[in-house]
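Visitor: Below: one structure in structure tokens.
The values are calculated or read from the model by the stated rules, or taken from the named source; none is laboratory data. These numbers come from a predicted model, not from an experiment. Counting neighbours? That spans all protein chains shown, and the Cβs are built from the backbone with ideal geometry, glycine included.
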Amino acid sequence: MELFEAIGSRTSKRDFEDKPVPREIIDKILKSSLRAPSWANSQPWEIAVSTGKTSEFIKTNLYELAKNCTPINPDYPFPDSWPEKQGNNMFETGRRRFEYIGINRDDKEKRTEFSLRNYVFFHSRTAIFIYMDENLGLWSVFDCGFLAQNILLAAHDLGLGACPQAYLVAYPDVLRKAFKLPKNKKFLLGISIGYYKKASKVNEIKTFRNEDVINYFE
Ligand SMILES: Cc1cc2nc3c(=O)[nH]c(=O)nc-3n(C[C@H](O)[C@H](O)[C@H](O)COP(=O)(O)O)c2cc1C
């Protein structure tokens with residue numbers, strides 16, 4: 001796929017087939033994604049790929065915690081509030097998504113049910129987790145973002161779907177247990193990845209972008 005086409009057509013997918021992605025494909029995506037730039041080539045990222053029984057362990061535990069409304073404890077706190085402009089973008093994105101898939105704004109039960117699917121990787125078998133050492137700071141988070149975008153684009157180029165998910169790192173103790181990691185490894189992002197359902201409405205959604213953020217000065 002041509003690069004501009006790939007950037008322009010990638011979207012987050014939230015409904016996957018129950019079909020494993022061969023390890024060689026994940027490996028190809030990840031090794032290519034490691035070409036991401038980082039501060040002085042520091043390469044702050046570490047990656048855990050979850051499949052098989054590990055995915056089952058993570059899904060069961062995350063789902064249980066979320067379903068029971070256990071308070072989240074992400075390694076990097078989620079924002080409590082957003083400035084008005086960004087808050088409006090988020091509200092509008094959510095509003096359009098639920099309208100498109102036919103979930104009423106006030107249907108709390110259906111919205112919760114949809115939201116809980118985050119924790120089972122939207123039914124994908126595989127998820128990629130990005131984490132890093134606790135001594136790394138804000139600039140390293142930036143670098144991990146480049147890595148994440150490479151993963152999303154590489155997956156898209158190979159015809160796979162992916163969804164970057166903060167929700168997947170909402171209960172990081174489960175992840176440290178699954179991957180046998182010490183406390184000083186901190187989770188930034190999970191990415192569900194797999195063969196997505198082409199006929200699923202939620203996978204058809206193309207979110208809007210504001211272009212008035214671009215400013216030219218001569
Ligand atoms: C850091 C980050 C965290 C995200 N967390 C979630 C999440 O927990 N659940 C989810 O469904 N989507 C999540 N998303 C996906 C965004 O909602 C999505 O990228 C955005 O709405 C734009 O849509 P697009 O990816 O289809 O272009 C996240 C994206 C980013 C970059």
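Visitor: Mind checking which residues of the range 161-189 are in contact with an Asp or Glu (Cβ under 9 Å, 6 or more places away or on another chain) and either part of a helix (DSSP H, G or I) or closer than 24 Å to residue 9 by Cβ (or both)?
Guide: 161, 169, 172 - these are the residues of the range 161-189 that are in contact with an Asp or Glu (Cβ under 9 Å, 6 or more places away or on another chain) and either part of a helix (DSSP H, G or I) or closer than 24 Å to residue 9 by Cβ (or both).
Visitor: So which residues in the range 153-189 are hydroxyl-bearing (Ser, Thr, Tyr) and either farther than 26 Å from residue 74 by Cβ or within 9 Å of the ligand (Cβ to nearest atom) (or both)?
Guide: 167
Visitor: Would you point out which residue out of 211, 218 is acidic (Asp, Glu), without any contact (Cβ under 8 Å) to a residue 24 or more places away in the chain, within 16 Å of the ligand (Cβ to nearest atom) and surrounded by fewer than 22 Cβ atoms within 10 Å (Cβ to Cβ)?
Guide: 211
Visitor: From the list 174, 141, 169, exactly one residue is out of contact with any strand residue (DSSP E or B) (no Cβ under 9 Å at 6 or more places or on another chain) and β-branched (Val, Ile, Thr). Which is it?
Guide: 174
Visitor: For residues in the range 201-218 being touching a Lys or Arg at 6+ places or on another chain (Cβ under 8 Å) and among the polar types (S, T, N, Q), which is farthest from residue 30 (Cα to Cα)?
Guide: That would be 207.
Visitor: Further, regarding this structure: Checking the condition in contact with a strand residue (DSSP E or B) (Cβ under 7 Å, 6 or more places away or on another chain) and either touching a residue at least 60 places away in the same chain (Cβ under 8 Å) or not basic (Lys, Arg) (or both), which residue from 106, 75 passes? Steps first, please.
Guide: On the way: 106 fails: in contact with a strand residue (DSSP E or B) (Cβ under 7 Å, 6 or more places away or on another chain).
It is 75.
Visitor: Moving to a separate point now. Kindly establish whether residue 180 is of a type outside the set (Phe, Trp, Tyr), free of Cβ contacts under 8 Å to residues at least 40 places away in the same chain and closer than 30 Å to residue 17 by Cα.
Guide: When the stated conditions are applied, residue 180 passes them.
Visitor: Being out of contact with any strand residue (DSSP E or B) (no Cβ under 9 Å at 6 or more places or on another chain) and in contact (Cβ under 8 Å) with a residue 12 or more places away in the chain is the filter here, so list the residues in the range 34-51 that pass it.
Guide: Answer for the range 34-51, where residues must be out of contact with any strand residue (DSSP E or B) (no Cβ under 9 Å at 6 or more places or on another chain) and in contact (Cβ under 8 Å) with a residue 12 or more places away in the chain: 35, 36, 37, 38, 39, 42, 43.
Visitor: Moving on. Kindly provide the set of residues from the range 54-84 that are part of a helix (DSSP H, G or I) and surrounded by fewer than 11 Cβ atoms within 10 Å (Cβ to Cβ), ordered by number. Show your work before the answer.
Guide: Let us first name the residues in the range 54-84 that are part of a helix (DSSP H, G or I), namely 54-67, 84.
Across the range 54-84, the qualifying residue is only 84.
Visitor: Of these, 140, 192, 200, 115, which one is modelled with pLDDT of 95 or more, more than 12 Å from the ligand (Cβ to nearest atom) and more than 23 Å from residue 42 (Cβ to Cβ)?
Guide: 200
Visitor: So, in the range 1-53, exactly how many residues are more than 16 Å from the ligand (Cβ to nearest atom), assigned to a loop (DSSP other than H, G, I, E, B) and touching a Lys or Arg at 6+ places or on another chain (Cβ under 8 Å)?
Guide: So the count comes out to 6.
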